[in-house]
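Contents: one structure, followed by commentary.
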Amino acid sequence: MNKILLLCAVFMFVTFSSFKTETLPKDPTETLIYNGRERKYLIHLPITYDESISYPLVIALHGGNGKAKKFNKSTRYRFNQLSDTEGFIIVYPQGVDKSWNDNKNRNDYGEARNKNIDDVGFIETLIEKLEATYTIDSSNIFACGISNGGLMSATLATKLPNKIKAIGMVSSNFSKAHLEEMRAEPPKPFSIIIIQGTEDPIFPYSEGEISFFKQRRGKIIGAEKSISFMIALNKSNEEGIITNLPNLAPFDNCISTKTIYSNGKNPNLKIALIKINGGGHTWPGGHQYLPKKIIGLVTKDFNAADKLWEFFKSTIEK
């Protein structure tokens, strides 16, 4: 009798495991060779992917010391869910030695900057490969990321102006080195949303220095000064429309506001700032990946992926 029960239990386990594997497929890891180096990325297609339809593309960039797979997980797979329901393709590239060369002049910490990796060229080549492989709407390509990934998104917007339409920076804002480059050679206007906490202990909300375990990683100008620069670049309205985001999780000790700066001449050219009062160096709606005393608080009032896609979608011409 015990043997029969054991066999039944094994059968149920194997059957359930197989069912999970079939119904919850993992995003495939693909590769390309760029500058003699193998580069990896994860790709997620909408479950209703149809080659006769052109899809927007979202490039999601992990933070420093991060991985594409873990970044996907840290968002609670929200981008993938939105991809399936909203109909866009999302790609998660992997940085060299878990980092991005967002600006070689920012500082010398980070392997991608130390090795002067051409991440702009890699992303451009990746976009071209995806355009050749899948049906991509080339007029609606977006980039976003957290921390180092947010800085890399800003670099892509200025270096690939004919590819990247809008960007999203989470727990990050413009570096001083990046600002100096843009002032010296103003880039083509682009749409941007910044999502950042006021109590970010690593990447200050206000002007200061990126610092992690007492290692200084370059100066930044702050979220609000970054927005001011973009208002001037885009010639947008200086007066923004402020709304309070619903405080759905009072226990998280965070309250958020959203400010939108419109553009009278080009309604699809937009600027937005989500200010998370009390928020830390975290992905809103994501996991508390390190202790609060190191990275601060995670707001549970919204998932940053929802706000990013909502913003990107609003820039698409109808």
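The values are calculated or read from the model by the stated rules, or taken from the named source; none is laboratory data. Owing to the predicted nature of the structure, the values given are computational and were not obtained by experimental measurement. A quick note on method: Cβ atoms are made from the backbone with ideal geometry, for glycine too, and the neighbour counts reach across all protein chains shown.
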Filtering strands (runs of 3 or more DSSP E) wholly in the stretch 159-225 for at least 1 residues that are over 15 Å from LEU308 (Cβ atoms) gives 191-197, 206-212, 215-222
Positions within the stretch 212-244 being of a type in the set (A, V, I, L, M, F, W, C) and either touching a helix residue (DSSP H, G or I) at 6+ places or on another chain (Cβ under 9 Å) or within 27 Å of TRP100 (Cα to Cα) (or both), in sequence order: PHE212, PHE213, ILE220, ILE221, ALA223, ILE227, PHE229, MET230, ILE231, LEU233
Within the stretch 127-158, restricting to residues that are of a type in the set (S, T, N, Q), in a helix (DSSP H, G or I) and touching a residue at least 24 places away in the same chain (Cβ under 8 Å), the one that is surrounded by the fewest Cβ atoms within 10 Å (Cβ to Cβ) is THR158
Looking only at the stretch 77-108, and only at residues there that are in a loop (DSSP other than H, G, I, E, B) and basic (Lys, Arg), the one that is surrounded by the fewest Cβ atoms within 10 Å (Cβ to Cβ): LYS104
Of the residues in the stretch 138-151 that are in contact with a Ser or Thr (Cβ under 9 Å, 6 or more places away or on another chain) and of a type outside the set (Gly, Ala, Ser), the one that is farthest from HIS62 (Cα to Cα) is ASN140
Where a residue in the stretch 203-224 is farther than 13 Å from LYS176 by Cα and its partner, wherever it lies, is among the basic types (Lys, Arg), with Cβ under 8 Å and at least six apart: TYR205/LYS275; SER211/ARG217
Sole residue being out of contact with any Gly (no Cβ under 9 Å at 6 or more places or on another chain) and buried (at least 23 other Cβ atoms within 10 Å of the Cβ), chosen from ALA223, ALA305: ALA223
Inside the stretch 35-66, can you point out the residues that are at pLDDT below 95 and closer than 15 Å to GLU131 by Cα? none
